[in-house]
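Peer 1: Here's a structure for you.
The values are calculated or read from the model by the stated rules, or taken from the named source; none is laboratory data. Just so you know, these numbers come straight off a predicted model, no measurement behind them. Neighbour counts run over all protein chains shown; Cβ positions are idealised from the backbone, glycine included.
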Amino acid sequence: MTIRTSVPVAFASLVALGSLTDWTAHLPAAHAAEANDKAAFVPPPESAIPQGKFGDEVRLGEKIFREPGMHAAAYVGNDLRCSNCHLDAGRLAGSAPMWGAYVSYPAYRSKNGHVNSFEERLQGCFRFSMNGKAPPLGDPVLVALESYSFFLAKGLPIDEAPPGRGFPALPKPDTKPDYNRGAQVYADHCAACHGGDGLGQSADGKIVFPPLWGPRSYNWGAGMGSIKNAAEFIHANMPLGMGGSLTPQQAWDVATYVDSQVRPQDPRFTGNVAETRAKFHDNPNSMYGQTIDGAVLGDPAVTPPAGTVPEAAASEPGK
Ligand code: HEC
Ligand code: HEC
C-alpha cells in the first residue's frame, strides 16, 4: 500500500495539518461500517488469493488497480490510480468497491444507452477517469482486472446491488451548492494534501496526493466530474481517514468547486462546447460549458486534450 505507508512521511513536511497528525487512528477502513446501514460484505483477504494461474491473474489485476500507470501504461493518460477513488484497492464499502460492482453487471447504462458487460464498464474507466484509451475487449489488462474483481466478490450473490456498492446516498443540500463557499471548504479541509492549486503532491517521484483537477486528473467525461458523484464520494471518504466529517452542504459546495476547474477534454467532444454540453452534460450536476472566472469550461483554448497516453506505451498494447 504505497499511499498509506508514504503518507506519514509526506505529512511530516506539511504544517497545516493539526489534528490529522494522529494519522494511523483514522485509516479509511475504520469507517467502512458507517458506509451503509446494513452490514457490508467483507471481501476475502489477500492471503486467500490462490497459487497458480488464476491467482496470478488476480495478483496482476490488483497490481494494475494500484499502479495502472506502471502496469497498463498504454491505456493511461494521467497521474491517477484506480485505487485513488476506489479506496483500499477496491475493497472499501461506500467507495464504489469492485466486489459490489462485479455482481451488478451486466447492467443497462444511460451513459451509453445499452446493456454493459463488466468488461465494457472497465473500458469506460480508462477512457474517462484515467483520461486514457479503452483497452480492447479481451485485452490482458481487462482480463486481469476482471479476475481481481471476481476474486473480491467471492461469496456474493450475482445480480444484486449489495449494501456498500457505489457511494452512500447523500441528502440534497439545504441551499444551492456554491462555488465560493466550496473554495473556502477546499482551503480549510483539502488543500493541505491535494495542494492549493489542486494538482496534488509528489514525494520522491511518487504521487502521494492525487490531482483533483488540471491536465493530469480525470477528464470531463468521468463519473467524478458529476457534482453529485463527487459530493457523495467526498462526504463518505474525504478528508482521507475522516470520512463523514463534512456536513452534506460542505460536501456539495466543495464538489461544486472541484468540478468547476479546468480538466482534460471530454473524449466525446464534438468540436463545439455548447453542442457537447447539450449531448452529454445537460444536467445541473455538470459544469461543462458553464462560465467560471470569465472562461468557458471545456473551451479548447483553455482545456487540456483528452486521451494523453504516452506515445511509447501506446505502441506497445498490453503493456
Ligand atoms: C477520478 C476517480 C476515479 C478513478 C481514477 C477511477 N474511477 Fe472507477 N469510478 C469512479 C466513479 C465516480 C464511479 C461511479 C460512476 C458513476 O456512477 O457513473 C466509478 C465507477 C466504477 C465502476 C462501476 C462501479 C459500480 O458499482 O457500478 C468500476 C467497475 C470502476 N469504476 C472501475 C475502475 C477502474 C478499474 C479504474 C482504473 C482503471 C477506475 N475505476 C478509476 C471514479 C474513479
Ligand atoms: C490527509 C490528506 C487528504 C486530505 C485532507 C484530503 N484528501 Fe482527498 N485524497 C487523499 C489521498 C491520499 C487520496 C487517494 C487515496 C488512495 O489512493 O488510497 C485522495 C483521493 C481523493 C479524490 C479521488 C482522486 C482524485 O484525485 O480525484 C478526491 C476527489 C478527493 N480526494 C477529494 C478531496 C476533497 C474535496 C478533500 C477536502 C474535503 C480532500 N480530498 C481532502 C488525501 C487527502
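Peer 1: Go through (1) touching a Pro at 6+ places or on another chain (Cβ under 8 Å); (2) part of a helix (DSSP H, G or I) one by one and return the number of the condition residue 146 breaks.
Peer 2: Condition (1) is where residue 146 drops out.
Peer 1: Could you list all residues from the stretch 41-98 that are in contact with a His (Cβ under 8 Å, 6 or more places away or on another chain), within 10 Å of ligand 1 (Cβ to nearest atom) and within 19 Å of residue 156 (Cβ to Cβ)?
Peer 2: If the condition is that a residue be in contact with a His (Cβ under 8 Å, 6 or more places away or on another chain), within 10 Å of ligand 1 (Cβ to nearest atom) and within 19 Å of residue 156 (Cβ to Cβ), then 65, 95, 96, 97, 98 are the ones that fit.
Peer 1: Something else now. What is the residue count in the stretch 201-243 for residues that are part of a loop (DSSP other than H, G, I, E, B), touching a Gly at 6+ places or on another chain (Cβ under 8 Å) and either farther than 23 Å from residue 134 by Cβ or away from ligand 1 (no atom under 13 Å from the Cβ) (or both)?
Peer 2: Summing the residues that are part of a loop (DSSP other than H, G, I, E, B), touching a Gly at 6+ places or on another chain (Cβ under 8 Å) and either farther than 23 Å from residue 134 by Cβ or away from ligand 1 (no atom under 13 Å from the Cβ) (or both) in the stretch 201-243 gives 2.
Peer 1: I'd like the full set of residues that are outside any loop (DSSP other than H, G, I, E, B) and farther than 18 Å from residue 85 by Cβ, limited to the stretch 149-167.
Peer 2: 150, 151
Peer 1: Looking at (1) in contact (Cβ under 8 Å) with a residue 24 or more places away in the chain; (2) in contact with a helix residue (DSSP H, G or I) (Cβ under 6 Å, 6 or more places away or on another chain); (3) away from ligand 2 (no atom under 16 Å from the Cβ), which is the only condition residue 143 fails?
Peer 2: Evaluating residue 143 over (1) in contact (Cβ under 8 Å) with a residue 24 or more places away in the chain; (2) in contact with a helix residue (DSSP H, G or I) (Cβ under 6 Å, 6 or more places away or on another chain); (3) away from ligand 2 (no atom under 16 Å from the Cβ) leaves (2) as the failure.
Peer 1: Is there a residue in the stretch 114-124 that is more than 14 Å from ligand 1 (Cβ to nearest atom) and either surrounded by 23 or more Cβ atoms within 10 Å (Cβ to Cβ) or not in a helix (DSSP H, G or I) (or both)?
Peer 2: Checked against the condition, which is being more than 14 Å from ligand 1 (Cβ to nearest atom) and either surrounded by 23 or more Cβ atoms within 10 Å (Cβ to Cβ) or not in a helix (DSSP H, G or I) (or both), the stretch 114-124 yields at least one hit.
Peer 1: Return the pairs, sorted by first residue and then second, in which the second residue is modelled with pLDDT of 95 or more and outside any loop (DSSP other than H, G, I, E, B), the first residue lies in the stretch 213-230 and is over 14 Å from residue 95 (Cα atoms), the beta carbons are less than 6 Å apart, and the residues are 6+ apart or on different chains.
Peer 2: That search, which allows pairs on different chains as well, returns 218/129; 218/224; 219/128; 221/128; 222/128; 222/129; 227/255; 227/256.
Peer 1: Looking at this structure, is residue 170 in contact with a His (Cβ under 7 Å, 6 or more places away or on another chain) and either assigned to a loop (DSSP other than H, G, I, E, B) or buried (at least 16 other Cβ atoms within 10 Å of the Cβ) (or both)?
Peer 2: So residue 170 fits the description; yes.
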